[in-house]
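Written out below as structure tokens is the structure these notes cover.
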Amino acid sequence: MGPWMTVHRPKMYEKGRLMIGNDVSAYGVACSRKDYDEFVTGDLRDALGTPEGFCIRNCFVRSLAWMDRTVFDPEIRFVFDSRPSPVKRDAGTVYDAYERIIGIENLRGISFEDSFNTVLLQAADLIAWELYQHAKNVLVEGPIPIKRAGFRKLARAIKFDGQIADRNSIEQMWENVWKDKDPKMLKHVGAHFRMFDPDNPDYSYLSTCTEN
């Protein structure tokens, strides 16, 4: 939850009404930190990040997929709430990977801004807060309908897609996607994401991975 929500929570549903009236699309992801910390360790954790970093990676993936199938303007810029320096570095590394390694040509930058002054971040804070409340219920009770009336109304009225990484889905991700990956490749990719500085790029870890 960003600082704007902490101070202005009574005004948040005014933002919800504005979202409904302006055809906003939204994606949110939540992650069970305890289960993530159990399954995602070592080189894999370096590659996928902390639970917050994992959520940031999913925001990139889903945003780019949404852009490809939905919008006419092919250009996209990522704007995040201001975060501590390690989170900024990690998000910048993910952005760089999409721009320079994967080769997404229509990226137009990444920034970390103050939600007090950036209205779109206030809308994102609202979605994040409501999804967080719903995820807490889901992680205790299992898959259930949205309980909070305000979020239920908002999720039905806008183009909203949400994901919750619970223990089962995190374990399946490990078993089906990452368990059998080449350890050497994963080590080099993990080292890249752990050490990379977006302000002073060095791709030597990935070069070594390619050579091997």
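None of the figures in this text is laboratory data; all of them are computed from the coordinates on show. What you see is a predicted model, and the numbers here were worked out from it, not measured in a lab. Positions of Cβ are backbone-derived with ideal geometry, glycine not excepted, and every protein chain shown enters the neighbour counts.
Testing the spin-label approximation: label points 7 Å from Cα along Cα→Cβ at Arg83 and Lys147. State their distance in nm.
Computed distance between label sites Arg83 and Lys147 equals 2.8 nm.
Hey, which aspartates and glutamates would be in cross-link range of Lys153, C-alpha to C-alpha under 12 Å, not counting anything within fewer than 8 residues on its own chain?
Once the sequence-local aspartates and glutamates are set aside, what remains near Lys153 is Glu130.
Select from Val119, Tyr203, Val94 the residue farthest towards the positive end of the dipole of the chain; place +1 on Cβ of Lys and Arg, -1 on Cβ of Asp and Glu, and compute about the Cα centre.
Of the listed residues, the answer is Val119.
Out of residues 5 or more away from Ala165 or on other chains, whose amide H comes under 5 Å of its own, with H placed 1.01 Å from N in the peptide plane?
Sorted by chain and number, the residues that satisfy this are Ala30, Cys31, Ser32.
Add -39500 (n - 2.57) for each DSSP H run of 4 or more in the chain, then divide by its residues: what number comes out at 222 nm, to the nearest 500 deg cm²/dmol?
For the chain, the value works out to -17500 deg cm²/dmol.
Let me know the charge dipole size of segment 3-211 about its Cα centre in debye, to the nearest 20, where only the beta-carbon of Lys, Arg (+1) and Asp, Glu (-1) is charged.
920 debye
How many angstrom separate the Cα center of segment 55-114 from the Cα center of segment 129-187?
20 Å
List the DSSP H helices in the chain whose Cα atoms stretch 30 Å or more along the helix axis and whose mean Kyte-Doolittle hydropathy is at least 1.0.
Answer set is empty.
Among (i) 47, 34, 32; (ii) 107, 48, 43; (iii) 54, 38, 33, which is the computed Cα extents along the principal axes in Å?
(iii)
Per-residue counts of other Cβ atoms within 10 Å, averaged by peptide: what ranking do you get for 63-76, 162-175, highest first?
Those peptides, ordered most packed to least, come out 162-175, 63-76.
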